[in-house]
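What follows is calculated from the coordinates using simple rules that are stated; it is not laboratory data. In this text the structure is predicted, and so the values were computed from the model without any measurement. For neighbour counting, all protein chains shown are included, and Cβ atoms are generated from backbone atoms with ideal geometry for every residue, glycine included.
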Amino acid sequence: MCGLTGFWNFKHRWPKEQLLDVVTKMAARIERRGPDSEGAWSDEEIGLALGHRRLAIVDLSPAGHQPMISQSQRFVLIYNGEIYNSVELRTELVKEGCSFRGYSDTEVILEASERWGVQQTCQRLIGMFAFACWDRKTQRLYLTRDRLGIKPLYWGFNQGVFFFGSQLKSFTAHPEWRPSLDLNALSSYFRFNYVPTPLSIFQGINKLAPGMVLSLDSTQKIEQNSFWDLQTVISQGREKRANEPDAVLVNELDQLLHDAVKRRMVADVPLGAFLSGGIDSSTVVALMQAESPRPIQTFSIGFHEADYDEAQYAASVAHYLKTDHHELYLSAQDALDVVPNIPDWCDEPFADVSQIPTFLVSRLARKSVTVSLSGDGGDELFAGYNRYFLGQAIWRKLKLCPHWLRHLGAKGIQQLAPAQWDLLAKMVPKRFRPRLVGDKAYKLANILECSTAADFYKMLVSQWETPDALVLGAKEPTLYPWGLKELGSDLDAFVESMQRMDTLTYLPDDILAKVDRASMAVSLEARVPLLDHRVVEFSWTLPMNLKIREGQGKWILRQVLNRYVPAELINRPKMGFGVPIDQWLRGPLREWGESLLSLERLTREGLLNAPLVRQRWEEHLSGKRNWQYPLWGVLMFEAWYERWMSGS
């Protein structure tokens with residue numbers, strides 16, 4: 001794993017020394033992505049500079065150093081990621097007459113791109129990657145990002161300079177970098193607690209979409225072409241929908257996952273795995289241990305708050321599989337210690353609260369290993385999120401009631417304030433009374449108001465339902481690909497649509513962004529075998545009853561896991577990587593939150609609707625409503641703004 005950065009200055013030509021000096025400083029801003037070595041290359045005739053930071057994983061020798069120049073001297077490459085079929089590709093290239101100086105996958109990508117072209121090379125890679133490739137002959141720059149968006153890549157023009165890199169903060173070292181906040185992107189951020197692709201928090205700067213190749217020539221003409229498209233995968237998967245016996249398909253998935261895991265266990269440095277005790281991570285660990293003659297190292301995080309603690313389950317799985325297990329229990333103070341540093345490694349506003357334990361488990365793992373495998377992706381591929389099977393059941397019932405009647409019901413609920421519903425609830429004996437009745441009543445009203453499947457999904461994934469009311473002067477972009485149509489009685493298609501949307505959006509922009517930033521903050525490479533594109537493509541050939549069965553998701557993945565771990569160690573309600581942030585905001589994080597959400601501060605900045613933020617903050621502190629996730633989004637933005645924008 002590494003970090004890349006660079007720029008193409010179309011305004012004026014700098015001498016070579018200045019180009020190299022600036023790009024080296026840019027690369028230094030992302031040193032944690034690659035602490036082992038640095039490199040820079042420039043072409044002063046056209047004003048292009050490439051910078052790189054290396055985390056050496058395979059071929060630790062200087063032969064893997066970047067930027068790397070091809071044997072013919074035509075192509076120059078900087079690259080972030082790992083390719084797991086590089087040995088096969090190398091063998092094929094050798095047969096075509098190519099010779100190699102080392103055995104790094106970087107050199108394979110470089111020579112393959114020259115011989116086969118960048119587009120065809122990307123189609124043949126198995127792995128995670130983002131790279132910039134310069135063709136000195138045609139004077140064309142290529143930027144690529146892997147199929148699922150595991151590795152990040154930003155690009156765009158600012159002040160006549162074309163910037164590109166793994167993280168936005170590398171651009172801040174360039175003397176002509178003058179960022180402007182994109183209020184419309186900020187509005188989208190507050191809906192999801194992340195900035196959705198292709199937007200970034202800055203005007204003119206974009207995230208490259210997964211599965212894309214972007215090219216830029218000396219006339220500043222940009223072209224984007226897809227080398228892998230999820231919608232095509234879904235359509236082809238439906239056309240060849242599997243109808244073999246369940247056991248045959250379970251065997252096929254088992255073999256696929258075995259190969260995906262085995263390929264990701266190749267490294268010249270110590271290797272381990274994150275283990276939560278859930279289905280996804282337990283499957284990855286079980287397959288790793290089946291491939292390893294020695295106990296693999298596993299790492300998990302626990303909480304003293306019982307409702308959030310999964311460490312006990314991880315320990316049980318680790319004990320059964322006989323792994324070398326490490327665990328760390330978190331306190332509120334651990335969170336306090338991490339929170340001030342989040343804007344440094346999340347250099348774009350990002351507010352998934354599980355970023356805290358993800359960072360801490362990465363830091364724990366880094367003490368022992370340099371590579372850690374993760375179970376991310378299983379929920380999207382095999383319908384594991386509660387909102388899939390619960391959403392299906394709720395939507396089925398909602399459709400039985402006319403929308404006009406549901407609308408009246410919602411308006412009736414909203415006739416009383418949440419606090420009034422809480423007062424009414426006190427008439428019910430305490431042992432039968434749910435917590436936060438008013439809060440739950442208003443959530444029910446929001447569900448009743450949904451008129452289409454798209455509205456329903458949008459409500460499920462929204463943190464602030466009307467972000468334009470929060471961000472002053474903003475208009476939320478309409479480019480977000482909701483893609484959910486009114487699906488009638490075809491509820492399997494309804495779930496598949498949610499899976500597709502999550503794979504296109506939530507997976508790369510939240511889950512994978514979180515894992516990338518948290519692991520790279522401690523110079524740890526995280527690998528995600530469930531997101532091998534061959535596994536993704538297989539998952540879309542499966543009928544829904546192999547994903548959801550008897551009210552549970554990930555049925556087929558459970559069957560694979562049951563071959564290695566007893567079902568009783570796994571079968572329990574899904575918890576996720578949760579954090580008791582609601583309690584922490586009312587307790588040890590309260591003072592920090594108040595400092596960021598003071599009326600004076602919010603009014604002075606002039607970006608957010610200060611009275612609205614204060615209202616929700618006070619309601620949360622009083623316990624009347626649980627606004628933990630919307631408020632965490634505001635807090636993370638304010639912390640980011642203070643770190644990166646307050647002095648600009």
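Counting only GluC sites (Glu not before Pro) that are in a DSSP loop and have at most 14 other C-beta atoms within 10 Å, tell me the longest site-free stretch of the chain. Don't skip to the end; give the middle numbers.
Details: sites that count: 45, 96, 465, 486, 550.
Answer - 97-464.
Name the shape class, rounded, prolate or oblate, that the alpha-carbon gyration tensor gives for segment 55-94, where a ≥ b ≥ c are the square roots of its eigenvalues, rounded holds for a/c under 1.5, and otherwise prolate holds if a/b is larger than b/c and oblate otherwise. Provide the component values of the computation, followed by the final result.
Details: a/c = 1.69, a/b = 1.03, b/c = 1.64.
Oblate, since a/c reaches 1.5 and b/c is not below a/b.
Output the pairs from 169/514; 11/151; 151/554; 262/514 with a Cα-Cα distance over 27 Å in this structure; if there are none, say none.
Listed pairs above 27 Å: 11/151.
Name the long-range amide H neighbours of residue 127: under 5 Å, sequence gap of 5 or more, or other chain; modelled H, no Pro or chain starts.
Correct list: 84, 533.
How many angstrom lie between the Cα centre of segment 501-536 and the Cα centre of segment 629-646?
Their Cα centres are 23 Å away from one another.
State, to one decimal in nm, how far the label point of residue 568 lies from the label point of residue 178, with both points 7 Å from Cα in the Cβ direction.
6.9 nm
Starting from the Cα of residue 16, draw a straight line to each of the aspartates and glutamates and keep only those under 13 Å, dropping any in the same chain fewer than 8 residues away.
43, 44, 45
For the residues 627, 421, what sequence is obtained by ranking on other C-beta atoms within 10 Å, fewest first?
Numbers: 627 23, 421 17.
So the residues, fewest neighbours to most, are 421, 627.
Multiplying the sequence separation of residue 614 and residue 420 by 0.36 nm and subtracting their Cα-Cα distance, what value in nm do you get?
Values: separation 194, 0.36 × 194 = 69.84 nm, distance 2.02 nm.
Roughly 67.8 nm would be gained on extension.
For the chain, what is the percent of antiparallel DSSP beta bridges, rounded to the nearest 5? All intermediate terms of the calculation are to be shown ahead of the outcome.
Numbers: 58 of 75 bridges.
Here the antiparallel bridges make up roughly 75 percent for the chain.
Over the chain, what is the mean sequence separation of C-alpha contacts under 8 Å (at least six apart), divided by residue count, expressed as relative contact order in percent? Intermediate values should be presented prior to the final figure.
Details: 1169 pairs, mean separation 101.9, N = 648.
Relative contact order for the chain comes out at 16 percent.
Counting other Cβ atoms within 10 Å, which trypsin sites (Lys or Arg not before Pro) in segment 338-407 have at most 13 and lie in a DSSP loop? Could you put the intermediate results ahead of the total?
On the way: sites: 363, 366, 367, 387, 396, 397, 399, 406; in loops: 367, 399.
Within segment 338-407, the qualifying trypsin sites (Lys or Arg not before Pro) (loop, at most 13 other Cβ atoms within 10 Å) are 367.
Calculate, for residue 88 and residue 240, the FRET efficiency according to 1/(1 + (r/R0)^6) with r their C-beta to C-beta distance and R0 25 Å; round to the nearest 0.05. Walk me through the intermediate numbers first.
Values: r = 25 Å, r/R0 = 0.99.
After rounding, the FRET efficiency stands at 0.50.
Determine ³J(HN,Hα), in whole Hz, for all residues of segment 171-178 in sequence, where each value follows from phi through the Karplus function 6.51 cos²θ - 1.76 cosθ + 1.60 and θ = phi - 60°; x replaces Gly and Pro.
5, 5, 7, 7, x, 9, 6, 10
Quick one: length gained pulling residue 69 to residue 123 fully straight, 0.36 nm per residue minus the C-alpha distance?
Values: separation 54, 0.36 × 54 = 19.44 nm, distance 2.17 nm.
In short, 17.3 nm is gained.
Please arrange 227, 129 by counting, for each residue, the other beta carbons lying within 10 Å of its beta carbon, fewest first. Spell out each step's value before the answer.
Details: 227 19, 129 22.
In order of increasing Cβ crowding within 10 Å: 227, 129.
Tell me the relative contact order for segment 97-234 as a rounded percent, counting alpha carbon contacts under 8 Å between residues six or more apart. Write down the numbers at each step before the final one.
On the way: 207 pairs, mean separation 30.3, N = 138.
It comes to 22 percent, rounded to a whole number.
When the Cα centres of segment 235-292 and segment 549-567 are compared, how far apart do they sit, in Å?
13 Å
In segment 1-104, which trypsin sites (Lys or Arg not before Pro) fall in coil by DSSP and have 11 or fewer other Cβ atoms within 10 Å?
11
Report the gain in length on full extension from residue 101 to residue 21: 0.36 nm times residue separation, minus Cα-Cα distance, nm rounded to one decimal. Kindly include the intermediate steps, with their values, before the conclusion.
Details: separation 80, 0.36 × 80 = 28.80 nm, distance 2.76 nm.
Value of the extension gain: 26.0 nm.
Taking the Cβ of residue 595 as the centre, find all other residues whose Cβ is under 11 Å away and add up their charges (Lys, Arg: +1; Asp, Glu: -1). Walk me through the numbers on the way to the answer.
Working: positive: 590, 601; negative: 591, 594, 600, 638, 642.
Around residue 595, the charge tally is -3.
Can you list the trypsin sites (Lys or Arg not before Pro) in segment 537-615 that are in a DSSP coil and have 16 or fewer other beta carbons within 10 angstrom? Can you show the working numbers first?
On the way: sites: 547, 549, 554, 558, 563, 574, 586, 590, 601, 604, 614; in loops: 547, 554, 563, 574.
Within segment 537-615, the qualifying trypsin sites (Lys or Arg not before Pro) (loop, at most 16 other Cβ atoms within 10 Å) are 563, 574.
Determine the calculated [θ] at 222 nm for the chain from helices alone, applying -39500 (n - 2.57) to every DSSP H run no shorter than 4 residues and normalising by the residue count; nearest 500 deg cm²/dmol. Could you put the intermediate results ahead of the total?
Details: 28 runs with 277 residues, N = 648.
Helix contribution divided over all residues of the chain: -12500 deg cm²/dmol.
What ³J(HN,Hα) values, in whole Hz, does the Karplus curve 6.51 cos²θ - 1.76 cosθ + 1.60 give for segment 250-256 when θ = phi - 60°, with x put for Gly and Pro?
Once rounded to whole Hz, the list reads 4, 4, 5, 5, 4, 5, 4.
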